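Read the structure below first, then the notes.
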Amino acid sequence: MKRRFIYGVLGILVASTMVMVACQPAQPTQQGGKTVTGTVTQTTSPVATTPTTTPAKTTQPAATGPKYGGTLTLVSGIDPLDFDQAYKTAWQSITLDYTNEPLVDPDWTKGPAGTKEIGLGAYPQYPDKYFKGASLESWDLSNPLKWVFRVRKGAYFHNKPPVNGREMVADDVAVTIRRMFSEPGSWLVAMPIKPKVSVQDKYTVILEWGKFDSSMWFRIVDTIFVVPKELVRDAQDKENQLLRDWKNACGTGPFMLVDWVKGSSVTFQKNPNYWGFDPFNPQNRLPYIDKISTLIIPDPSTSLAALRTAKLDVRTVVWADVPNLDKSNPELRKRELFANYSLEMTPRTDVQPFDNKKVRQALSMAINRDVIMKDLMGGHANYLNRFFNPFDIGVYTAYENLPANIKETLTYNPDKAKKLLAEAGYPNGFQTSVMYVATNAQHEEVVSLIKADWEKIGVKLTLDPRESAVFTSVNYARTFPGLQIWGYGNATALNNMDIFMSGHYSNIAGVKDAWWDQKRTEALTTADEAARNTILKEISSYALEQMYVIPLPSPSTFLYWQPWINQYEGSYMSGTYHYIRPFRQAWIDQDLRFKLTGKR
């Protein structure tokens with residue numbers, strides 16, 4: 001009997017326990033000398049596809065067209081940890097994604113519901129032309145050291161004290177950006193460069209830089225939610241912390257936070273004065289949905305049962321639960337999504353024998369990845385999620401398109417692996433260990449298969465389970481004796497370069513490579529997108545050839561939704577930590593819901 005790969009549930013708004021999510025996204029949007037507006041042009045560039053072995057079901061709008069009303073029920077495994085991302089990062093202050101807005105969005109009409117040019121799956125990092133304005137109407141980056149942001153006119157904050165529905169203006173955007181580089185709780189406070197932020201007029205914000213860093217664009221426009229200045233700064237321009245109280249939640253977003261019962265639910269109502277319109281039905285103001293109720297359900301089996309009984313409208317599901325769910329609930333719609341992380345083994349490259357590239361390559365070639373995919377993941381996995389995210393379609397290279405010499409290092413070949421070990425001075429193999437989180441059954445299954453594979457080339461692998469806190473401590477101290485296994489969050493390409501940067505905290509492998517450091521700097525200081533992508537592709541090939549980490553197949557996640565949810569195609573994120581934005585344009589067929597459940 002084939003073993004099943006059993007994962008921790010990844011529900012809407014919940015980061016999987018097997019994923020160490022990188023929290024420093026870094027995608028540029030620079031179009032060398034052009035003013036970028038909210039409009040985009042159609043292209044015939046390749047589409048980021050999903051690894052589906054059978055066609056995924058997709059939503060088709062009802063013939064009668066979108067309708068207003070209804071309640072959408074989502075799930076979270078945890079309560080919000082804060083309501084201000086300057087104190088807790090965005091995925092911990094997740095209600096901001098309902099109530100507030102980033103500066104730009106990937107263009108939904110270019111995703112699966114429209115032209116299908118981009119995937120809108122998870123952590124989407126797309127070429128510049130696929131972005132459109134959210135809090136911004138347009139932006140001018142023609143001078144790499146002086147960015148001009150033009151704030152959207154006619155976007156109003158929620159009508160509640162003390163903001164009282166006033167229009168969002170440049171002061172709000174400027175204050176929001178400044179504090180994200182100054183408040184100790186913000187993840188941007190440690191950035192080595194910071195912009196000088198000034199207001200030119202009511203709708204224009206200027207960001208001036210001492211030097212150009214291409215990663216700063218995406219860090220700012222995708223991860224920062226615009227907030228009204230009076231909820232974060234007082235008359236003396238000091239922090240007032242008002243936004244940290246959920247009752248003060250206020251933004252220009254499509255939904256308003258109206259209730260929070262800790263450990264039970266978070267409730268939102270539609271913003272009747274939201275500025276957005278449906279791009280496919282431009283006469284229709286968004287959102288269509290009247291109410292969103294997010295239930296706090298820590299137990300995965302309970303939330304899965306809620307999906308089965310239509311008490312939840314949307315939930316992510318791991319492969320182990322897919323066959324039974326398809327059988328019990330054939331009416332559900334689903335989409336298979338690329339993993340938003342890379343499952344990989346990291347060796348200590350600063351100690352023997354892993355300081356030898358041939359050893360690292362041999363270990364990779366001795367892993368039968370096809371067996372891992374077939375026996376543990378049901379065939380639902382991406383063979384290679386490294387070096388860059390598959391959704392980063394400007395720089396990602398799939399396994400089948402790699403140069404032959406690099407593809408060889410990722411292909412099962414124990415005979416060649418033994419030869420490489422002999423050339424490296426280990427003809428009889430060696431003994432080592434792999435550290436992993438003791439409660440992570442999936443990682444234990446993977447390393448157990450790898451242990452059997454490596455025995456064939458003389459490498460004796462000892463399994464080294466650690467308690468989670470101990471794993472984290474040892475991992476970042478880089479004191480594990482051999483290798484470790486984890487899931488590394490696929491943030492943007494520019495951010496992913498940090499993991500091999502000399503001295504960087506996320507450089508768990510202990511890499512010291514002057515070529516890498518130089519190329520990283522080159523990519524960060526190149527303003528032209530095409531030229532920068534060429535550098536990033538070179539870096540990607542180099543990383544795989546060096547095998548500083550050993551990539552493994554990364555299992556898919558399946559997103560299920562009820563059949564009465566229309567104009568929704570299974571987008572998991574439309575930006576970093578933007579789980580809710582795909583539901584702005586979704587609508588509920590309440591007649592169908594009543595027909596199937598007896599409830600509206």
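FYI, it's all coordinate maths here, none of it is from the lab. Quick caveat: nothing in here was measured; it's all calculated off a predicted structure. Note: ideal-geometry Cβ built from the backbone for every residue, glycine included; neighbour counts use all protein chains shown.
Observations
- Looking at the chain, the pairs of alpha carbons with a distance over 49 Å make up 10% of the total.
- Across LYS211/LYS357; LYS110/LYS291; LYS194/LYS262; LYS262/LYS599; LYS116/LYS160; LYS374/LYS519, pairs whose alpha-carbon gap is larger than 30 Å: LYS211/LYS357; LYS194/LYS262; LYS116/LYS160; LYS374/LYS519
- Between THR521 and ARG166, the simple label model (points 7 Å from Cα in the Cβ direction) yields a spacing of 4.6 nm.
- Angle between the chain longest axis and helix 529-546 axis [Cα atoms, degrees, rounded to 10]: 30 degrees
- Assuming charge only on the beta carbon of Lys and Arg (+1) and of Asp and Glu (-1), the dipole of the chain about its Cα centre is about 740 debye to the nearest 20.
- Panel order for ASP128, ASP172, ASP326, ASP84, by other beta carbons found within 10 Å of each beta carbon, from fewest to most: ASP326, ASP128, ASP84, ASP172.
- Cα-only Debye scattering, region 296-390: base-10 log of I(q)/I(0) at q = 0.11, 0.18, 0.22, 0.26 Å⁻¹: -0.52, -0.95, -1.19, -1.36
- Neighbour-count order for HIS380, HIS504, fewest beta carbons within 10 angstrom listed first: HIS504, HIS380
- Magnitude of the charge dipole for region 341-555, about its Cα centre and with charges confined to Cβ atoms of Lys, Arg (+1) and Asp, Glu (-1), is about 420 debye.
- Options ILE393, LEU343, LEU410, ranked by Cα towards positive dipole end of region 312-460, top entry (Cβ charges): LEU410
- Distance between the modelled labels on GLU444 and SER264, one decimal in nanometres: 3.7 nm (7 Å Cα→Cβ projection).
- Per-selection Rg to Rh, region 136-202 - Cα, Kirkwood hydrodynamic radius: 1.02
- With contacts taken as Cα pairs under 8 Å at a separation of at least 6 residues, the chain carries a relative contact order of 24 percent.
- The trypsin sites (Lys or Arg not before Pro) of region 237-344 that DSSP puts in a loop, and whose beta carbon has at most 11 other beta carbons within 10 Å, are LYS238, LYS262.
- Annotation: for a label point projected 7 angstrom from Cα along Cα→Cβ of ILE78, residues of region 268-307 with backbone N closer than 17 Å are 295-300.
- Cα-projected label distance for ASP234 with HIS504, points at 7 Å along beta-carbon direction, nm: 4.0 nm
- Note on ASP415 and SER198: the extension gain reaches 71.9 nm, defined as 0.36 nm multiplied by sequence separation minus the Cα-Cα distance.
- Residue order, fewest to most surrounding Cβ atoms within 10 angstrom, among LYS357, LYS418: LYS357, LYS418
- Relative to the longest principal axis of the Cα atoms of the chain, the long axis of helix 170-180 makes an angle of roughly 30 degrees.
- Cα convex hull of region 341-555 - mean projected area over all directions, nm²: 11.1 nm²
- Extension gain from LYS291 to ALA422, taking 0.36 nm per residue of separation minus the Cα-Cα distance: 40.7 nm
- Tilt relative to the chain, helix 441-455 - C-alpha long axis, 0 to 90 degrees, to 10: 30 degrees
- Exposure rule at most 15 other beta-carbon atoms within 10 Å, DSSP loop GluC sites (Glu not before Pro): the chain longest free segment: 1-330
- Computed from the C-beta positions of ASP350 and TRP209 and an R0 of 35 Å, the FRET efficiency is 0.55 to the nearest 0.05.
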